[in-house]
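Here is the structure we will look at.
Each reported figure results from applying straightforward, stated rules to the coordinates on display, with no laboratory input. Predicted model, so just to flag it, every value in this text is computed and none were measured. As a convention, Cβ positions derive from the backbone with ideal geometry for all residues, glycine included, and neighbour counts pool all protein chains shown.
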């Protein structure tokens with residue numbers, strides 16, 4: 001990868017003869033850049049962005065919405081390259097879910113330096129120069145996960161935290177909320193392992209979970225997984241090793257099809273669920289507000305809830321578990 005300052009020269013060179021990105025016009029090109037493109041969580045953000053586009057077009061805007069991100073959620077260089085490409089193309093705004101809270105600071109600040117507004121969604125950035133941050137209170141999500149896991153093992157037992165990957169601010173905050181709650185509130189719960197990283201895919205999470213179950217399977221009572229691929233990987237490992245169905249309690253995060261199916265079958269005992277459609281929707285709306293010189297809220301909490309087999313059929317929970325992707329994504 002070329003040093004960042006060299007890439008910056010190339011980007012700025014592309015911008016010398018261009019006009020400012022934002023203004024009072026209603027023809028806008030907005031790039032939406034997820035951490036990855038394969039998991040259903042990101043498809044929900046995409047659907048929310050499309051919903052906002054349709055509503056805005058009904059109001060007389062012409063929105064060119066571009067969805068592009070890395071395939072794998074650990075490909076920092078590719079996500080940086082995507083951001084830089086959109087800067088060079090002089091888009092009117094960027095909605096970004098940074099997969100690394102530090103590595104994406106420089107490209108975001110480059111965008112802002114040439115008047116391209118950036119709205120951060122889902123996962124935080126170690127900078128406050130963005131236009132708005134729209135996300136779950138991830139620390140609170142981790143607290144809710146800890147409370148629910150402690151409840152279903154009756155406040156006593158042995159548990160495992162399976163982490164996601166270093167640099168992902170959203171999951172690091174969930175993991176911190178989980179660990180602090182467990183260690184401070186539940187002295188009769190022992191944490192067998194809390195330093196194993198699952199990696200960015202279901203396959204890597206499955207392997208990590210197998211390794212942990214081979215080591216602690218006879219003792220563990222519960223597991224917390226902080227995102228969709230980890231939840232699914234752990235669930236599949238529990239099934240394959242004869243520990244599913246509540247033998248080992250699993251509390252996961254996010255509402256992918258497989259994890260929701262696991263919830264209904266009793267292989268997952270709780271899901272901490274966000275509202276990714278709302279993130280994508282509000283992210284696009286915020287970019288348009290900035291372009292129209294309107295004031296935007298600096299930080300927006302999109303909410304987080306614990307859903308179980310017992311309450312998954314409640315109307316408000318069904319909408320979170322089964323977002324209408326087909327209505328917006330063709």
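Dividing the Cα radius of gyration of the chain by 2.2 N^0.38 Å, with N the residue count, gives 1.03.
Overall shape of region 29-104 was characterised from the C-alpha gyration tensor. The equivalent ellipsoid obtained from it has semi-axes of 23, 15, 8 Å, in decreasing order. Between the beta carbons of residue 59 and residue 316, assuming R0 = 25 Å, the FRET efficiency works out to 0.35 to the nearest 0.05.
Of the peptides 223-231, 163-171, 267-275, 105-113, the ranking by mean beta-carbon count within 10 Å, highest at the top, reads 223-231, 267-275, 163-171, 105-113.
For region 152-228, the Kirkwood estimate of the hydrodynamic radius, built from every pair of different alpha carbons, is 12.8 Å. With bins 10 Å wide beginning at 0, the percent of Cα pairs of region 212-320 falling in each bin runs 14, 38, 23, 15, 8, 2. Relative to the longest principal axis of the Cα atoms of the chain, the long axis of helix 228-240 lies at roughly 30 degrees.
Placing pseudo-labels 7 Å out from each Cα toward the beta carbon at residue 85 and residue 113 gives an inter-label distance of 2.2 nm. Length gained on full extension, residue 214 to residue 158, computed as 0.36 nm times the residue gap minus the Cα-Cα distance: 18.7 nm. Per residue, the convex hull around the alpha carbon atoms of region 261-303 comes to 61 Å³. Taking 0.36 nm per residue of separation and subtracting the Cα-Cα distance, full extension of the segment from residue 188 to residue 329 would add 46.1 nm. Among beta bridges from DSSP that stay inside the chain, the antiparallel ones total about 10%.
For the chain, a Gaussian network of Cα nodes joined below 10 Å ranks 189, 160, 116 by mean-square fluctuation, and the top entry is 189.
Work out, in µm²/s and without decimals, the Stokes-Einstein translational diffusion coefficient of region 138-273 at 25 °C, 0.890 mPa s, Rh from Kirkwood over C-alpha pairs. Estimated via Stokes-Einstein, D reaches 175 µm²/s. Ordering 282-289, 132-139 by mean Cβ neighbour count within 10 Å, with the highest value first, yields 282-289, 132-139.
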